[in-house]
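Shown next, in structure tokens, is the structure this report addresses.
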Amino acid sequence: MRDPNCIFCKIVAGEIPSKKIYEDETTIAFLDIYPANPGHTLVVAKDHFSTILGIPEDNLYNLSKVLKKVASSIRESMNAEGLNILQFNGSVAGQTIPHLHFHLIPRSKDDGLGFAWPHRQLPEEEMEATRKKLAEKMGYRG
Ligand code: 5GP
Ligand code: ZN
């Protein structure tokens, strides 16, 4: 499965170059062309799934093993004190390339990247209504 207009499909096929650090049957990892920090790596499903909703569980399981392996390589090889793993689904969520990928970004205390995630407090009734809606969809009756 590939999309002829997709830049990551072209990277997977070797039609455009990339700085690969790993590859297996279903997953590939290469350096982000515009790294947030040195070592910023993209772990990418080889088949063209636009978001996490499309990937078969087996492929995702394999990809998650690669994520862990790349995470520990980054930690040791780049002397990272910490690591962000980010994954965006849909342009509204910040996804610019609609081919499933995870960002791994090595972090250190003084890298200046920071991280700000605005938190808000919601009314208890809204929290509980949300929990019920999601739990029901999950088939959870705990
Ligand atoms: P997202 O879709 O999660 O917003 O991010 C896509 C990421 O792909 C960006 O961080 C961008 O720098 C990276 N990127 C875009 N084009 C290329 C490319 O041709 N090669 C590589 N290695 N990375 C790319
Ligand atoms: Zn693609």
- Note on the structure: For the stretch 44-52, in residue order, the Karplus 3J(HN,Hα) values (coefficients 6.51, -1.76, 1.60; θ = phi - 60°; whole Hz; Gly and Pro = x) are 10, 5, 6, 6, 8, 10, 5, 9, 5
- Once fully extended, how much extra length lies between Tyr22 and Ser64, figured as 0.36 nm per residue of separation less the alpha-carbon to alpha-carbon distance? 13.8 nm
- Note on the structure: Helix 57-77 sits off the longest principal axis of the Cα atoms of the chain, rounded to the nearest 10 on a 0 to 90 degree scale, by 70
- Message: Using only Cα atoms and rounding to the nearest 10 degrees, what angle (0 to 90) does helix 124-138 make with the longest principal axis of the chain?
- Response: 60
- If you stretched the chain out fully between Ala93 and Glu57, how much longer would it get, using 0.36 nm times the residue separation minus the C-alpha to C-alpha distance? 10.7 nm
- If every Lys and Arg gets +1 and every Asp and Glu gets -1 at its Cβ, then about the Cα centre the chain yields a dipole, in debye to the nearest 20, of 80
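Bear in mind that the values in this text are calculations on the coordinates, not laboratory data. If you're wondering where the values come from, they're calculated on a predicted model, not measured in any experiment. We place every Cβ from the backbone using ideal geometry, glycine too, and count neighbours over all the protein chains shown.
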